[in-house]
Each structure stands twice: as C-alpha cells, then as structure tokens.
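Participant: A single structure is presented below for examination.
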Amino acid sequence: MKFEKFRLFMKIKNLVMLAVIFLLSACGSITNKSAVSLIPEKTFSEKESGVVIFSMGATEYCISFATDLILRYLNTTNLVEGMPPMFLDSYVNKSDFPDHHGTVNALRLNPGKYYFSTGILNPYLHTIQTPNMLFEVLPGETTYLGEIFMPTSCARRNSFEIRDNFDRDMAIAVKINPSINQRVPVKRLMRFGTAAAFK
C-alpha cells in the first residue's frame with residue numbers, strides 16, 4: 001500500500017514538473033528574478049543587511065538539462081526562505097553577456113554564512129552530488145562573490161568553476177542599477193568546501 005502511494009506521488013510530481021517545463025518553454029524568456037535591477041535604492045543604505053553580487057553562466061544555454069542554483073543556510077542546511085528561482089544556464093533568462101549565456105545577479109540577505117548548491121531541472125534525473133559554494137554576508141556591506149561558470153553544462157555530469165570577473169560584472173551591475181555606487185563593494189569570492197572547513 002505504501003509503495004503504491006509512493007508511485008502515485010512520483011507520477012504526480014513528474015506531471016507537475018513536465019507542466020512547468022512546458023510553460024517555461026512556451027514563454028521563450030522570463031524576467032530574471034535575482035536581477036540587480038530588482039534591488040531597491042534604499043537597500044544600499046541599510047545597516048542591518050547585506051547585498052551580494054555575483055554572476056553565473058555557461059558556454060551555451062540549456063533546455064532539458066538546465067541547472068538551477070539553490071541557496072541554503074550554512075549552519076542548518078535549510079533553504080533560505082523567499083528566494084527566487086535562479087537559473088545558471090536556462091534559456092528562459094536573457095543573457096547579460098555577448099560572448100556566453102549568463103546573468104549578473106544580486107540578493108539582499110541577513111548577515112550570516114550561506115552556501116549555494118545546484119540541481120538539474122528535469123523530473124527524470126536526480127542529483128547525486130553537488131558542489132557547495134560557501135560565502136558570508138556582513139551587515140552594511142555589498143560583497144562581490146565572483147562568477148559561477150559551467151565549462152560543461154546541459155549534461156548529466158556538469159562542471160563548475162568560481163571565477164573572478166570583478167571589473168566586468170560590477171560594470172554591468174552598476175550600469176543596470178546605479179544605486180550600487182552608494183557604497184564601495186568588497187570582493188570576497190565564494191569558495192568550494194564544506195561547513196566544517198568554512199571557519
């Protein structure tokens with residue numbers, strides 16, 4: 001009986017995921033929900049929160065094996081509430097770069113330690129292992145975290161790199177949202193690792 005309920009649950013889950021993929025494919029492109037343009041001007045004068053700026057992308061866009069970025073608290077591994085969907089290589093987001101598919105992003109976060117993990121947006125695949133990209137948010141600070149780049153993407157086995165493209169990314173970010181210039185950004189690149197190693 002339990003097995004039958006589980007099979008029914010998995011069928012429903014797969015149907016829902018297929019419906020989401022179909023709707024996204026019908027859209028062509030959607031607004032990047034973590035775009036730097038969405039950070040209000042007043043955020044950069046707040047002392048109790050921080051802003052992180054980062055880019056993400058791949059050599060080309062992807063459809064059926066697109067990768068999403070997931071934000072979690074480092075100390076509990078719980079998902080951070082209210083985070084928008086973030087796509088590394090999905091074609092639904094318009095690219096901010098002329099030479100590869102990618103976006104420049106910003107998030108307002110409370111002070112603390114966090115990490116990004118990844119997943120594949122395909123209901124028939126299950127992520128077995130994913131890199132953790134760790135970073136810290138300090139109050140009243142705008143932090144550049146680097147670029148999450150996928151040299152190998154749109155595949156069952158993807159690869160990830162953290163790159164320093166501070167000048168390029170910040171120039172694009174400021175052009176899109178001049179409010180960023182209200183305070184000098186600090187460059188503190190995220191890094192691959194585990195919670196135990198992040199001290």
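Participant: Please specify each residue of the stretch 84-99 satisfying the condition of being under 18 Å from Met133 (Cα atoms) and open to solvent by 60 Å² or more (accessible area, probe 1.4 Å).
Facilitator: Matches in the stretch 84-99: Pro85 only.
Participant: Oh, and also: Considering the stretch 140-175 alone, what residues qualify as being surrounded by fewer than 17 Cβ atoms within 10 Å (Cβ to Cβ) and modelled with pLDDT under 95?
Facilitator: Within the stretch 140-175, Pro151, Thr152, Ala155, Arg156, Arg157, Ser159, Glu161 qualify.
Participant: So which residues in the stretch 68-83 are of a type in the set (A, V, I, L, M), in a strand (DSSP E or B), in contact with a Ser or Thr (Cβ under 9 Å, 6 or more places away or on another chain) and open to solvent by 20 Å² or more (accessible area, probe 1.4 Å)?
Facilitator: Within the stretch 68-83, Ile70 is the sole residue that qualifies.
Participant: Also: Keeping to the stretch 76-107, report how many residues are without any contact (Cβ under 8 Å) to a residue 24 or more places away in the chain, within 21 Å of Pro40 (Cβ to Cβ) and acidic (Asp, Glu).
Facilitator: 1
Participant: Output the residues belonging to the stretch 169-195 that are of a type in the set (Val, Ile, Thr) and free of Cβ contacts under 8 Å to residues at least 60 places away in the same chain.
Facilitator: Val174, Val184, Val186
Results for (1) open to solvent by less than 20 Å² (accessible area, probe 1.4 Å); (2) among the small types (Gly, Ala, Ser); (3) in contact (Cβ under 8 Å) with a residue 12 or more places away in the chain; (4) over 26 Å from Ala171 (Cβ atoms), shown as yes or no for each residue.
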position	(1), (2), (3), (4)
Ser34	yes, yes, yes, no
Glu41	no, no, yes, no
Ser45	no, yes, yes, no
Ile53	yes, no, yes, no
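Participant: Taking the condition modelled with pLDDT of 85 or more, open to solvent by 50 Å² or more (accessible area, probe 1.4 Å) and not hydroxyl-bearing (Ser, Thr, Tyr), does Gly57 pass?
Facilitator: No, not satisfied.
The values are calculated or read from the model by the stated rules, or taken from the named source; none is laboratory data. Since the structure is predicted, the reported quantities are computational estimates derived from the model, not experimental observations. Because the Cβ atoms are built from the backbone with ideal geometry, glycine has one as well, and the counts that use them run over all protein chains shown. Heads up: the accessible areas ignore ligands, DNA and RNA and are worked out on the full protein's heavy atoms, side chains in. Shrake-Rupley method; radii C 1.70, N 1.55, O 1.52, S 1.80 Å.
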